[in-house]
1. How many residues does region 230-263 hold that are aliphatic (A, V, I, L, M) and without any contact (Cβ under 8 Å) to a residue 40 or more places away in the chain?
2. Residues A185, A196: which one is open to solvent by 10 Å² or more (accessible area, probe 1.4 Å) and of a type outside the set (D, E, K, R)?
3. Based on what the data block shows, is E109 of a type in the set (D, E), part of a loop (DSSP other than H, G, I, E, B) and closer than 22 Å to V82 by Cβ?
4. Please specify each residue of region 101-126 satisfying the condition of being open to solvent by 20 Å² or more (accessible area, probe 1.4 Å), in contact (Cβ under 8 Å) with a residue 60 or more places away in the chain and among the hydrophobic types (A, V, I, L, M, F, W, C).
5. Can you pull out the residues in region 41-61 that are surrounded by 16 or more Cβ atoms within 10 Å (Cβ to Cβ) and not aliphatic (A, V, I, L, M)?
6. Being more than 25 Å from Q233 (Cβ to Cβ) and buried (at least 23 other Cβ atoms within 10 Å of the Cβ) is the requirement here; does N141 meet it?
7. Considering only region 108-115, I want to know if a residue exists there that is under 20 Å from L224 (Cα atoms) and at pLDDT 95 or above.
Amino acid sequence: MTPAPSQQGASKTTPSAYEMSATRGSHNIAKGGAHPFPLPKFSNKKDERKWALEHMAAAFRVFARKGYTEGTAGHISIRDPVDPATFWINPLGKHFGLMKASDMVHVDEDGNVLPDGNQIALNAAGFAIHSAIHKLRPDVNAACHTHSTYGKAFGALGKELEMINQDVCTFYKSHVFYPEFGGVALEAEEGKKIAAALGNGKGIILQSHGLLTVGSTVDEAAYLFTLLEKSCQIQLAAQSALLPGESLRTVSDEVAAYCEHHDGDPETLYTEFQPEYEMELHLDDSFLK
């Protein structure tokens, strides 16, 4: 595999003289040499599938380490590089911390389990949500959803995140709040509503449900999920410390846009997950099997 080119764009300067780089990508955060984790580009689709499944399994291990499990709820999916009309998703009932690449289930757009993946049931709600997203968003190759603690807590507030620090600015004007909880998403219609509400965004806060993020790679989607969950935790902590009459101090629109421009592109977001991937390789590389 070879590094993919950075995203091309037009250079511009903000009113306060912030320079928006002409090209978005991880080169903007590397100095003194090339970024150690370039976004890979494959010439063989089966090699890309193997790589994506391994990184998908690693994402589950990371989620387990961070405490995102809730019974059998939660799922990650990747669009199949070989047949993009199909996708891979985790099997029903297997703990995130035990997931391996070979555990993943390959399904078509009608929910039929395909013979080249694990022959086991998948989560019905997971299929309803992820199939709708993959159909509506051809730019999305991966989606992550769990019933995480701070995501559920923040969802009860009924609002989007405020731009109160540098990191959350990755979601500047690219995340939404979904208030229409319709129960367990067993019906196709609920999945379609969630996908439609997501729009072109990177993430969605689901009232009474949890969080969901998407990306062009599973690494991007997984990092965004960890960031969205942590951002919910941080805002809840900050709000709890406010005294009567006080309010949160937020980043200006100009600075938030600047941060998103440099930190929120697919290549940079891919690189942000790689330290977690390396940690999983160090702890237990059985997820590669």
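1. Of the residues in region 230-263, the ones aliphatic (A, V, I, L, M) are 234, 236-238, 241-243, 248, 251, 255-257.
Narrowing further to those that are without any contact (Cβ under 8 Å) to a residue 40 or more places away in the chain: 237, 241-243.
Total satisfying the criteria: 4.
2. Just a single option satisfies the conditions, and that option is A196.
3. On the way: of a type in the set (D, E): yes; part of a loop (DSSP other than H, G, I, E, B): yes; closer than 22 Å to V82 by Cβ: yes.
For E109, the condition - of a type in the set (D, E), part of a loop (DSSP other than H, G, I, E, B) and closer than 22 Å to V82 by Cβ - is met.
4. Matches in region 101-126: A124 only.
5. F42, E48, R49, W51, E54, H55, F60, R61
6. Details: more than 25 Å from Q233 (Cβ to Cβ): yes; buried (at least 23 other Cβ atoms within 10 Å of the Cβ): yes.
So N141 fits the description; yes.
7. no
Matching residues to (1) touching a His at 6+ places or on another chain (Cβ under 6 Å); (2) assigned to a helix (DSSP H, G or I); (3) buried (at least 23 other Cβ atoms within 10 Å of the Cβ):
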{"position": "G201", "(1), (2), (3)": "yes, no, no"}
{"position": "I204", "(1), (2), (3)": "no, no, yes"}
{"position": "L212", "(1), (2), (3)": "yes, no, yes"}
{"position": "D219", "(1), (2), (3)": "yes, yes, yes"}
{"position": "A222", "(1), (2), (3)": "no, yes, yes"}
{"position": "T226", "(1), (2), (3)": "no, yes, no"}
{"position": "L236", "(1), (2), (3)": "no, yes, no"}
{"position": "V251", "(1), (2), (3)": "no, no, no"}
{"position": "A257", "(1), (2), (3)": "no, yes, no"}
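The values are calculated or read from the model by the stated rules, or taken from the named source; none is laboratory data. These numbers come from a predicted model, not from an experiment. Note: ideal-geometry Cβ built from the backbone for every residue, glycine included; neighbour counts use all protein chains shown. The protein model used for the area step is the full one, side chains on, heavy atoms only, and it has no ligands, DNA or RNA in it. Shrake-Rupley method; radii C 1.70, N 1.55, O 1.52, S 1.80 Å.
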